[in-house]
1. Given (i) 18.5, 57; (ii) 18.5, 61; (iii) 19.5, 69, which label gives Rg and Dmax of the Cα atoms in Å as computed from the coordinates?
2. Counting only other residues whose beta carbon sits under 9 Å from that of Ala186, what net charge do I get with K and R as +1, D and E as -1?
3. So what is the calculated 222 nm ellipticity per residue for the chain, using -39500 (n - 2.57) for each DSSP H run with n of 4 or more, over all residues, to the nearest 500 deg cm²/dmol?
4. Using alpha-carbon positions, what is the distance between the centroids of region 243-257 and region 206-225, in Å?
5. Order of 129-135, 215-221 by packing, highest average Cβ count within 10 Å first?
6. Mind checking the dipole of region 16-311: about its Cα centre, +1 per Lys or Arg Cβ, -1 per Asp or Glu Cβ, Debye to the nearest 20?
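Values quoted throughout were computed directly from the atomic coordinates according to the rules given, and no laboratory measurement underlies them. No experiment lies behind these values; they were computed from the predicted model shown. No Cβ is skipped: glycine too gets one built from the backbone with ideal geometry, and neighbour counts run over all protein chains shown.
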Amino acid sequence: MSTAAQPRTDATTRPEVTTFFDEPTNTLSYVVKDPATNACAVIDSVMDLDYPSGSISFGGADQIIAFITDNNLELEWILETHVHADHLSAAPYIQQRLGGRIAIGFNISVVQNTFGPIFNAGSGFACDGSQFDVLLRDGDTIQIGQMAGVAMHTPGHTPACMTYVLGDAVFVGDTLFMPDGGTARADFPGGDASVLYHSIQRILELPDEMRIFVCHDYLPNGRALEYETTVSAERQANIHVHEGVSESAFVAMRTARDVTLGMPTLILPSLQVNMRAGHFPPTDQNGQLYLKLPVNAFGGADISALVAREEQ
């Protein structure tokens with residue numbers, strides 16, 4: 001059982017949730033509207049990257065912008081559940097067009113201090129989260145119009161993972177998937193399966209009827225897309241962490257499973273952009289923008305002899 005205090009939640013307020021699915025990355029983005037006003041938030045937006053060509057576009061983000069504009073909504077928050085490793089955030093692009101404050105969990109500094117050196121980001125890259133407008137701590141209020149939501153720190157997948165409880169809607173990022181999808185991996189730098197287990201228990205201690213919205217759905221067993229479930233359904237049927245699964249059993253399962261998983265296709269470009277709140281690194285001396293590919297940063301064969309040969 002988690003020792004962290006549970007946040008005060010308002011399950012009587014039912015925000016309007018509109019979903020946008022990015023098929024190439026299996027990512028769900030959300031527009032969450034206060035039922036009493038036109039205020040809204042965007043959660044986990046996606047920038048389009050064609051990896052083979054290096055081409056950036058904003059088709060998915062433009063759909064979100066058009067929805068907000070067409071419905072005369074006022075964007076107040078652009079929330080990131082964590083530094084994603086499988087897609088690039090479109091947060092600055094949306095902010096430039098609609099306003100709003102970009103927010104993430106306060107432990108973003110841990111992620112930046114981990115990956116800044118891996119990408120040799122240099123002294124100009126601040127590892128204090130200052131690229132974001134707001135750094136949220138556990139229990140912080142998120143006011144959207146007349147709806148008071150709350151941020152929950154739910155680390156384990158990454159140190160900075162946050163869950164956002166907005167009325168009766170709970171946005172869990174990668175921490176939980178649909179019941180037949182299980183839970184997030186915990187083998188990235190800073191991840192911890194035991195910590196993840198306790199974070200999930202906090203979510204499962206919320207009222208049964210609260211709606212859970214996931215950040216990814218990989219269509220297990222070929223079923224159709226699903227993205228909304230409930231606390232009760234997760235507690236009863238999540239294949240990895242249903243009621244009765246002990247911490248030790250979960251950690252053993254998660255550890256064994258994670259060693260079989262490959263790295264996400266877009267992890268290297270995603271981390272470089274997302275740790276900067278969706279901004280790109282500075283351009284090179286020739287004016288061209290580059291994203292780095294750090295060879296063997298996450299393991300691989302010994303290539304020291306090859307590197308030495310190239311330098312001779």
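1. Given (i) 18.5, 57; (ii) 18.5, 61; (iii) 19.5, 69, the calculated one carries the label (iii).
2. Values: positive: Arg185, Arg254; negative: Asp187, Asp192, Asp258.
Every neighbour counted, the sum reads -1.
3. Working: 8 runs with 78 residues, N = 312.
The helix-only estimate for the chain comes to -7500 deg cm²/dmol at 222 nm.
4. Going from one Cα centre to the other spans 20 Å.
5. Values: 129-135: 17.6, 215-221: 15.6.
In decreasing order of mean packing, 129-135, 215-221 become 129-135, 215-221.
6. Details: 14 positive and 36 negative charges, 96 e Å.
It comes to approximately 460 debye.
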